[in-house]
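A.B. asks: Can you read through this structure? Questions will come right after.
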Amino acid sequence: MKQLEEKIKADGRVLSEAVLKVDSFLNHQIDPALMQAIGEEFAERFKEAGVTKILTIESSGIAPAVMAGLTLGVPVVFARKRKSLTLTDGLYTAPVHSFTKNETNDISVSHDFLGESDVVMIIDDFLANGQAALGLLDIVEQAGAGCAGIGIVIEKGFQPGGKLLRDKGIRVETLANIKWMEPGHVEFYGEVPSR
């Protein structure tokens with residue numbers, strides 16, 4: 001998705017060979033026009049998959065998921081990372097390790113919002129090691145729902161998550177797949193190499 005790649009190059013900040021900061025448009029401040037375009041792109045890619053629900057994880061996956069849900073006309077469910085006083089019983093839960101934060105959280109979704117009749121599209125902001133996606137897939141499986149596939153806004157293609165998921169036969173649709181990055185430069189798969 002050219003618009004997203006250009007936004008990453010213009011406004012993203014590479015902090016190291018493994019860390020890309022996109023808080024000016026995706027995961028702190030949100031660019032609504034870009035999120036709408038991202039949602040429409042995911043909806044287009046999954047329009048024939050029979051999606052009945054979109055599942056994401058709080059909080060950075062919510063904006064692109066909501067825009068895809070709006071376009072497809074389906075509800076969006078987000079897995080909570082934190083305990084809630086009102087969400088205590090009837091939960092699907094799965095552990096998710098964050099390499100960026102170096103912590104493991106149990107994510108949870110109420111039984112009320114996912115079930116056997118659902119076909120779920122998972123959406124997340126980043127794919128690096130694949131732990132969030134695997135946790136969300138675990139929840140879909142616990143619910144007995146079908147999985148249409150996973151939509152990823154930004155994949156760090158040089159990290160193992162994408163290969164891990166694709167090797168399991170899971171459909172992964174990535175909008176911007178980074179081949180390599182270093183401070184001051186990002187290169188995407190499909191681009192003419194600049195070095």
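Where a number appears in this text, it was derived from the coordinates with a stated rule and is not lab data. From a predicted model like this one, the values you see are computed outputs, not experimental measurements. Counting neighbours? That spans all protein chains shown, and the Cβs are built from the backbone with ideal geometry, glycine included.
A.B. asks: For the chain, calculate the relative contact order in percent as a whole number, restricting contacts to Cα pairs under 8 Å that are 6 or more residues apart.
C.D. replies: 20
A.B. asks: Tell me, what ³J(HN,Hα) does each residue in the stretch 20-34 have, in order and in whole Hz, if you take phi through Karplus 6.51 cos²θ - 1.76 cosθ + 1.60 with θ = phi - 60° and put x for Gly and Pro?
C.D. replies: Those phi angles translate into 10, 9, 10, 6, 7, 9, 10, 10, 8, 8, 10, 8, x, 5, 5 Hz.
A.B. asks: How large is the direction-averaged shadow of the alpha-carbon convex hull of the stretch 99-195, in nm²? Before the final figure, lay out the partial values.
C.D. replies: Values: hull surface 29.2 nm².
So the mean shadow area of the Cα hull is 7.3 nm².
A.B. asks: Sequence-distant or interchain residues sharing an amide H contact under 5 Å with Thr174, placed H: which?
C.D. replies: HN-HN under 5 Å from Thr174: Ile152.
A.B. asks: Among Val14, Phe25, Met121, which residue has its Cα furthest toward the positive end of the charge dipole of the chain, with +1 on Lys/Arg Cβ and -1 on Asp/Glu Cβ?
C.D. replies: The one lying farthest along the dipole's positive direction is Val14.
A.B. asks: Still on this structure, I have one more. Ranked highest first by average number of other Cβ atoms within 10 Å, how do 35-44, 163-172, 140-149 line up? Present the calculation step by step, with values, prior to reporting the outcome.
C.D. replies: Numbers: 35-44: 20.3, 163-172: 14.3, 140-149: 18.1.
Ranked by mean Cβ neighbours within 10 Å, highest first: 35-44, 140-149, 163-172.
A.B. asks: Quick one: angle between helix 2-11 and the longest Cα principal axis of the chain, in degrees between 0 and 90, rounded to 10, please.
C.D. replies: 70
A.B. asks: Please list 3J(HN,Hα) in residue order for the stretch 140-147, calculated via the Karplus relation 6.51 cos²θ - 1.76 cosθ + 1.60 where θ = phi - 60°; whole Hz, with x for glycine and proline.
C.D. replies: Listing the rounded values in order: 4, 5, 4, 6, x, 7, x, 10 Hz.
A.B. asks: On to the next question. Using +1 on the beta carbon of Lys and Arg, -1 on that of Asp and Glu, and nothing else charged, what's the dipole of the chain about the Cα centre, debye to 20?
C.D. replies: Using only the charged Cβ atoms, the result is roughly 300 debye.
A.B. asks: Could you sort 131-138, 47-54 so that the peptide with the highest average Cβ count within 10 Å comes first and the rest follow in order?
C.D. replies: So the peptides 131-138, 47-54, ranked by packing, come out 131-138, 47-54.
A.B. asks: Could you work out how far apart the two model spin labels at Ser24 and Arg166 are, taking each label as a point 7 Å from the Cα in the direction of the beta carbon, and quote it in nm?
C.D. replies: 3.0
A.B. asks: Mind giving me the nanometre distance, one decimal, between the label points for Lys9 and Ala49, set 7 Å out from Cα along Cα→Cβ?
C.D. replies: With each label point 7 Å from Cα toward Cβ, the separation is 2.8 nm.
A.B. asks: Calculate how steeply helix 62-72 sits against the longest principal axis of the alpha-carbon atoms of the chain, using the helix alpha-carbon long axis, and give the answer as 0 to 90 degrees to the nearest 10.
C.D. replies: 70
A.B. asks: With runs of 4+ DSSP H residues as the only contributors, calculate the mean residue ellipticity of the chain at 222 nm using -39,500 (n - 2.57) per run, divided by the residue total and rounded to the nearest 500.
C.D. replies: It lands at -8500 deg cm²/dmol.
A.B. asks: Now for a different question. At q = 0.27, 0.29 Å⁻¹, what log₁₀ I(q)/I(0) does the stretch 139-195 have when each alpha carbon counts as one equal point scatterer in the Debye sum?
C.D. replies: -1.14, -1.22
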